[in-house]
1. From the list Ile236, Ile212, exactly one residue is of a type in the set (Val, Ile, Thr) and either under 20 Å from Thr280 (Cβ atoms) or crowded, with 19+ Cβ neighbours inside 10 Å (or both). Which is it?
2. Using beta carbons and a limit of 8 Å, which pairs, at least six apart or on different chains, have the first residue in region 150-166 and assigned by TED's automatic domain parsing to the domain that holds Leu48 and part of a strand (DSSP E or B) and the second one open to solvent by 60 Å² or more (accessible area, probe 1.4 Å) and modelled with pLDDT of 95 or more?
3. Which residue, of Arg87, Arg107, is assigned by TED's automatic domain parsing to the domain that holds Ser255 and closer than 22 Å to Gln66 by Cα?
4. For region 193-212, what are the residues that are within 13 Å of the ligand (Cβ to nearest atom) and either of a type in the set (Gly, Ala, Ser) or outside any helix (DSSP H, G or I) (or both)?
5. Only residues that are of a type in the set (Lys, Arg) and farther than 21 Å from Ile212 by Cα: list them for region 146-180, please.
6. Collect the residues in region 115-126 that are open to solvent by 10 Å² or more (accessible area, probe 1.4 Å) and more than 7 Å from the ligand (Cβ to nearest atom), keeping them in residue-number order.
7. Please verify whether Leu39 is in contact with a helix residue (DSSP H, G or I) (Cβ under 8 Å, 6 or more places away or on another chain), open to solvent by 30 Å² or more (accessible area, probe 1.4 Å) and within 30 Å of Glu15 (Cβ to Cβ), treating the condition exactly as stated.
8. I need a count of the residues in region 56-75 that are open to solvent by 80 Å² or more (accessible area, probe 1.4 Å), within 11 Å of the ligand (Cβ to nearest atom) and part of a loop (DSSP other than H, G, I, E, B).
Amino acid sequence: MEASTVLRESGRSIEQLKKLRRHPIQGVRYLFRWAEFCLRPAETEDKLRKDAQQYWNAPNTELLNQYSHWRGAGIFADDDLSLALGRKNLEVYQQFCRMIGVSRPPRRIVEWGCGGGANAVHFAPLAETYVGIDIAQPSLQECARQLDAAGFRNFEPVLVDACAPDTALTQIAQKCDLFLSTYVFELFPTPAYGLQVLKIARKLLNEGGMAIIQIRFMRDSWTSRPKRFAYKRNVISNAYRVETFWDEAEKCGFSPQAVRLVPRETLNDQSNYAYFVLTT
Ligand SMILES: C[S@@+](CC[C@H](N)C(=O)[O-])C[C@H]1O[C@@H](n2cnc3c(N)ncnc32)[C@H](O)[C@@H]1O
């Protein structure tokens, strides 16, 4: 870490501590998390992948279903919220299409991490085939259920193990026109894992195809950086610098067209989202 960054971060942390003096328990917790971030050794890629597989395949609870964006679960008991989440992603896709002059609907869509189908119910009507990839069988089943209930019979579920994302390539025979992934790259065990999925995305796409990938972007603060330990506690922590993700997409053979930043997402009360539109 550069000296200027260390100084800036220390300054910010001291400010934070001053603010938290009035709330000593939160202050101690903040200090602990900061010390842990600085001092705790990173866990191996292998361990983090196994932990991710275990986390998303734990026995179903209301909370896990909510985290997997199941309609009716937890905060998604509010049906308007559940529908708004996927609709917003559809609007982002449509805006990008207008921006880069794409008017033909995608014949095949692949969604990486489809969860309970919050995107699928909005995107499946556009395509002949909607391929949903996930590491949790119950989520694939829920996605199928939602599409079935909405009258769509074009769903192809693909189950992969979090430890071996490349197996998606052997399971999906035909290339697609749109690769979609939202609220998933932030859950990956490490930044390198996300870049592996980026390469897979490129291989899954036809020439003239498009990827819409939402990531969380890093700011200067340590709190927005990936935590490479205790997956369960840091499940939403994978992040990239915007320019790094752009460069990495180019290295994979994509042409990045645009990035849309969403510093604060009110729908899920999270921050630092970036939607990339990448073409092939
Ligand atoms: C927050 S939900 C997002 C669902 C959907 N993409 C959306 O935007 O509503 C996260 C989903 O990603 C899945 N997931 C987590 N890690 C994954 C991985 N390594 N590969 C594929 N899916 C993953 C989870 O099982 C869960 O269903």
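The values are calculated or read from the model by the stated rules, or taken from the named source; none is laboratory data. It should be emphasised that the depicted structure is a prediction, and the values quoted were computed from it without experimental measurement. Neighbour counts run over all protein chains shown; Cβ positions are idealised from the backbone, glycine included. Surface areas here come from the heavy atoms of the whole protein model, side chains and all, with no ligands, DNA or RNA. Shrake-Rupley method; radii C 1.70, N 1.55, O 1.52, S 1.80 Å.
1. Ile212
2. Within 8 Å, the pairs are Phe155/Asp148; Pro157/Gln141; Val158/Gln171; Leu159/Gln137.
3. Only one candidate qualifies: Arg87.
4. Listed by number, the residues that qualify are Gly194, Ala201, Ile212.
5. The answer is Arg153, and nothing else.
6. Residues satisfying the conditions are Val121, His122, Pro125, Leu126.
7. No: the conditions fail for Leu39.
8. The number of residues fulfilling the criteria is 1.
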